[in-house]
């Protein structure tokens, strides 16, 4: 994938306006003078496919934008209090050339962050990423939960690129300055809370090897389920049931694994009844002779 240096990300900064200062004071414990603060805006995330083959559902952006207000700014997603350098005080969802994206306004204290301000003004610090949790990852082709259907991220089906669509935001953690963001224009690091929590718990409990073995076994089971769903689609097409491939794929994705197996067994019996196996040569008639082989 082509490396892209974002022209978006960090936009111009400066002293907050009176309206911005009022919003900032909702985040501070004591009032601050405008001269003490430096504000800038970020293009955080959009609804376009990123480097991971995933994209945010445009309908999820407004809720995610609200969750980001008040969240802290870090460096490289390192959750360390000493690395807190900024805070989001306002967000909006904007639209540009067919793309929806979240713009955030951020403030930091001039007294402790002059070097960072210089790097922002000089264009050194401009790639950003957010940490968030999304409840659902669905296939852009059939709408099923990603991984439960036969489609793969990055592949093209019927002229459409398959991506994982992220929807229903559960939480927003922070934003960070990074070197290489996931999204070409903004950079997004998604954290799916349950997965990250399991891995951390496994490491802390000293059972990382067991966790990896279970994860590998689950992946093998998932691969087998994908193959069987693909077999269901193949049998449905071969039987000429009058159902197009897209409908068969949706049906396969919606069925439980045991139901997929049951359908495959039933349709396999139908295939054998319709197209029984035959020998290459029929048996020689009782009267004998070689007429069957005469050209």
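Bear in mind these aren't lab numbers, they're just calculated from the coordinates by the rules spelled out. Owing to the predicted nature of the structure, the values given are computational and were not obtained by experimental measurement. Cβ atoms come from the backbone with ideal geometry, glycine included; neighbour counts cover every protein chain shown.
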* To do: Quick one: give the max-minus-min coordinate of the C-alpha atoms of segment 31-154 along each principal axis, largest first, in Å.
  => 55, 28, 27
* Asked: What full-extension length gain, to one decimal in nm, is calculated for residue 243 and residue 112 as 0.36 nm per residue of separation minus the Cα-Cα distance?
  -> 40.6 nm
* Quick one: give the max-minus-min coordinate of the C-alpha atoms of segment 128-178 along each principal axis, largest first, in Å. => 37, 22, 13
* To do: Kindly rank 86-93, 48-55 from highest to lowest mean number of other beta carbons found within 10 Å of each residue.
  => 86-93, 48-55
* **Order of 275, 38, 157 - criterion: other Cβ atoms within 10 Å of each residue's Cβ, fewest first** => 275, 157, 38
* Using the number of other C-beta atoms within 10 angstrom as an exposure proxy, rank 117, 102 with the fewest first. => 117, 102
* How much length is gained if the chain between residue 256 and residue 273 is pulled fully straight, taking 0.36 nm per residue apart and subtracting their Cα-Cα distance, in nm to one decimal? -> 3.5 nm
* **Cα radius of gyration and Dmax for segment 211-274 (Å)** => 13.5, 47
* Asked: Between residue 34 and residue 94, what length in nm is gained on full extension when 0.36 nm per residue of separation is reduced by their alpha carbon distance?
  -> 19.0 nm
